[in-house]
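What follows is a single structure, written as C-alpha cells, with notes after it.
The values are calculated or read from the model by the stated rules, or taken from the named source; none is laboratory data. Treat the numbers as computed from the prediction; the structure is a model and nothing was measured. Here Cβ is always computed from backbone atoms with ideal geometry, including for glycine, and neighbour counts include all displayed protein chains. Areas reflect the complete protein model, heavy atoms only, side chains present, ligands, DNA and RNA absent. Shrake-Rupley method; radii C 1.70, N 1.55, O 1.52, S 1.80 Å.
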Amino acid sequence: MASTQVNPTRMELTKQKKKLVTAVRGHKLLKDKRDELMRQFLDLARENMALRLKVEEGIRSANVNFVIAKAGMSEETLNTALMAPKQEVYLETDKKNVMSVNIPTFSYKTRTADANDIYSYGFAFTSSDLDGAVKSLADILPDMLKLAECEKACQLMSAEIEKTRRRVNALEHVIIPRAQENIKYITMKLDENERSTQIRLMKVKDMVLEDAHKYSERPVREM
C-alpha cells in the first residue's frame, strides 16, 4: 500500500518515476557488482585453501627437521646457534582496488640478496638437519605473506559482498516496490480527480443548457 505521506500531484508523480528509474538502474549495477565480487571471492577462496595447505605442509616439514636436529645436537648448542639472526627482512605494504575494495598487498626484501645468507651459525658444530629446517622456514616466507594477503582479501571482499547484498535486497524488496506503489496510487488519484472534474464540468454544462432552454421558452410580454 502506498504511503499516506505522498501528495497525489503531477510533480510528485514525476519525482517518483525518476526515483524508480534510478532505483532500477542502481539495482542492476549493484547486482552485477555482487555477482562479480562473488566470482572473484570464490577464486580467492580456492587460492587461499591451496596456499594454506602449502604453508601448513612447509611448517610441518620445518618442525620435523627441527626435531631431528634437536635430537642430534645438545639443547645448549641449538639455542646458541639460533640466538642471533643473521638476515633481516623488510616488509612493505601497498593496496590495490578490486571492485571498490581496497585490498592490501605485501612484499618484502632482505638485507642482502644472497639466498644462503640465512645461517647465523658456523657449520662445524651443527647438523645438516638444522640447515634444512632454517632453509625450509626461509622458503615458506613468501607463501606465508601471500596467504596473509589472500586471507585479508577474502575478509574484505566477503564484507563488501554482504553490504552489496543488503543494498540489492533493499532496492529489490523495499525501494522499488514502494516507488511502484506510490506511482500507482498517485496515478489512481489523478485519474479519479480528473473524472470528478469532468463530471462537475458536465453537470455545469447541463445546468447552463437547462437555464438557457428555460430562458428561451419564457413567453414574450406584449407591449
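Go over the candidates VAL6, VAL21 one by one and state the one that is closer than 30 Å to LYS189 by Cα and free of Cβ contacts under 8 Å to residues at least 40 places away in the same chain.
Being closer than 30 Å to LYS189 by Cα and free of Cβ contacts under 8 Å to residues at least 40 places away in the same chain holds for just one of VAL6, VAL21, which is VAL21.
Considering the stretch 107-127 alone, what residues qualify as being at pLDDT 75 or above and either within 19 Å of GLU76 (Cβ to Cβ) or of a type in the set (S, T, N, Q) (or both)?
SER107, THR110, THR112, listed by residue number.
Against the definition (assigned to a helix (DSSP H, G or I), of a type in the set (D, E, K, R), more than 21 Å from LEU30 (Cβ to Cβ) and touching a residue at least 24 places away in the same chain (Cβ under 8 Å)), how does GLU194 come out, yes or no?
no
Would you check if ASN97 is open to solvent by 70 Å² or more (accessible area, probe 1.4 Å) and closer than 19 Å to ASP32 by Cα?
Taking the combined requirement at face value, the residue satisfies it.
Restricted to the stretch 65-103, and to residues that are without any contact (Cβ under 8 Å) to a residue 24 or more places away in the chain and part of a helix (DSSP H, G or I), which residue is farthest from GLU160 (Cα to Cα)?
Out of the qualifying residues, it is GLU76.
Report, by residue number, each residue of the stretch 42-65 that is among the hydrophobic types (A, V, I, L, M, F, W, C) and open to solvent by less than 50 Å² (accessible area, probe 1.4 Å).
LEU44, ALA45, LEU51, VAL55, ALA62
Taking the condition out of contact with any Gly (no Cβ under 8 Å at 6 or more places or on another chain), in a helix (DSSP H, G or I), open to solvent by less than 40 Å² (accessible area, probe 1.4 Å) and not hydrophobic (A, V, I, L, M, F, W, C), does GLN16 pass?
Details: out of contact with any Gly (no Cβ under 8 Å at 6 or more places or on another chain): yes; in a helix (DSSP H, G or I): yes; open to solvent by less than 40 Å² (accessible area, probe 1.4 Å): yes; not hydrophobic (A, V, I, L, M, F, W, C): yes.
Answer is yes for this residue.
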